[in-house]
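Notes for the one structure printed next.
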Amino acid sequence: MKAKSIKGNSTSAIAAALEQSKADGFLPTLAIAFISVALNRTAIAKFLEDQGIAIFGCTTNGEFIDEDTEKGSAAILLLDMKPDRFQIFFEEFPEKNYREVAKGIAQQAKTTFSVPAFLIGISNAAADGEEVLRGIEDVAGADVNAFGGAAGDDYAFSETFVFTNGKDSGNAMVCLALDESKVDVQGIATCGWKAVGTEKTVTRSEGNHVYTVDNVPVLDLTAKYGGIEDASPENNNLLVEIAANFPLQLQREKGDPVMRPGLVVDWNDRSYYTSGSVPQGSKVRFSLPPDFDVMDKVVKGVEHLKATKMPEADALVVFSCAGRILSLGPLMSQELEGIKNVWNVPMAGMFSNAELGRATGGNLEMHNLTTCCVALKEK
């Protein structure tokens, strides 16, 4: 399989880049498209469709090919994969029935591919990515290769979208199913944030709403350990500071911990809502602000994936949390360059609201502040 990555900040720029990519006879059949909400994604998608290209698409908080990060643009990975080796599904969540919708998609994929792998995009900040993964597992088993991310909207945190040929929705799931007997799919989700302090117990929570840890309001405890002096509604930078620098790390019996940053504060009781579920009684630790080791761990994780499971790749897809670029700033390009250099193949990615993938040594999870790398190799 041949792959090429293109980018542009308008439909005409994407059209020109696509035509240039085809100059040597390259004929893509599939586009993995990461497009800012600031662009006319409908026009870009229509152009791709008119070229006979199937589309897996998400809106973003920023996008990149290779190590060059952008905002307000489109980054597209083009693949000439044989059409009988993939299928794209698109379903909305009308009743918040995330698990049932994902299960239905997985069942359809299983009728065509005996061993399918999945690339997933979800829209709507309230969509439960963990339930989506559970639905996939219900059909394809716990060892299924499933990766993806939650769409963004340039940090507006208002309305996100996924799309494919002729379809676009702010409350849906787009899914690229791949035939693993013909396409090797391997991925890794790595965070790198270091934990600080002792384990603490979540003493009251409901789903992703964390009220108290060690019987103290979670916001107060976060402010104490993070040295945050102004944990009040008047501090406009509070949520970014908590989410990007002092997230909770939910401890797991198996595998690495998963990140659960506070995203919305309830000032009535100084509780907050996190990106994913935090069961009552579970163990958490706080995090240190990131340093160079955070990037090193991600790159080493990808290098280990190559050494142990994926010696060669045709293309690389990356879902990196929007919180990482907020924390790392310009250094984010160094991390992406390190990832790119592992296989040195065409790469495209997005800064996402959440990441879907298997924690190192663990289960399929919805992550935050994490980089999820997916390598593809047509056999």
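Every read-out reported here was derived from the displayed coordinates using simple, explicitly stated rules and does not represent laboratory data. Note that the structure is a prediction, hence the values are computed from the model and not measured. In this analysis, Cβ positions are derived from the backbone assuming ideal geometry, glycine residues included, and neighbour counts consider all displayed protein chains.
The stretch 306-356 and the stretch 5-68 have Cα centres lying 19 Å from one another. Derived value for the stretch 1-122: Kirkwood hydrodynamic radius 15.6 Å. Basis is the mean of 1/r over every pair of different alpha-carbon atoms.
What aspartates and glutamates sit close enough to Lys22 to cross-link, taking a C-alpha to C-alpha distance under 15 Å and skipping anything fewer than 8 places away on the same chain? Output for Lys22: Asp50, Asp80. Neighbours of Met259, meaning other residues whose beta-carbon lies under 12 angstrom from its beta-carbon, give a summed charge of +2 when Lys and Arg score +1 and Asp and Glu score -1. Cross-link partners for Lys254 among the aspartates and glutamates, with Cα-Cα distance under 15 Å and sequence neighbours closer than 8 places in the same chain left out: Asp143, Glu365. Quick one: compute the contact order of the stretch 195-287, relative version, from alpha carbon pairs under 8 angstrom and 6+ residues apart, as a percent. After rounding, I find 42 percent. Grouping the Cα pair distances of the stretch 195-287 into 10 Å bins from zero gives a pair-distance distribution of 18, 58, 22, 2 percent in increasing distance order.
Give, as a single signed number, the net charge of other residues whose beta carbon lies under 13 Å from the beta carbon of Lys7, with Lys and Arg counted +1 and Asp and Glu -1. Result for the local shell: -3.
Debye-formula intensities of the stretch 183-245, expressed as log10 I(q)/I(0) at q = 0.24, 0.26 Å⁻¹, are -1.19, -1.27 (one equal scatterer per alpha-carbon, no solvent). Working note: 222 nm ellipticity from helices only, DSSP H runs with n ≥ 4, each -39,500 (n - 2.57), summed and divided by the residues of the chain, gives -8000 deg cm²/dmol to the nearest 500.
In this label model, Asn363 and Gln334 are separated by 3.6 nm, measuring between points 7 Å along each Cα→Cβ vector. The largest-to-smallest principal axis extents of the Cα set in the stretch 142-241 are 53, 31, 25 Å. For Lys300 and Ala126, the difference between the fully extended length at 0.36 nm per residue and the C-alpha to C-alpha distance is 59.4 nm. With a threshold of 25 Å on the Cα-Cα distance, the over-threshold entries among Lys300/Lys377; Lys71/Lys182; Lys4/Lys377; Lys110/Lys167; Lys283/Lys306 are Lys71/Lys182; Lys283/Lys306.
The charge dipole of the stretch 195-287, taken about its Cα centre with unit charges on the Cβ of Lys, Arg, Asp and Glu (plus for the first two, minus for the last two), comes to roughly 400 debye. For Phe34, the shell of other residues with beta-carbons less than 11 Å away shows a net charge of 0, using +1 for Lys and Arg and -1 for Asp and Glu. Annotation for the stretch 275-296 versus the stretch 121-142: alpha-carbon center distance of 21 Å.
Sequence-distant contacts, meaning Cα pairs under 8 Å at least 6 residues apart, place the relative contact order of the chain at 21 percent. Dividing the alpha-carbon radius of gyration of the chain by the rule-of-thumb value 2.2 N^0.38 Å gives 0.95.
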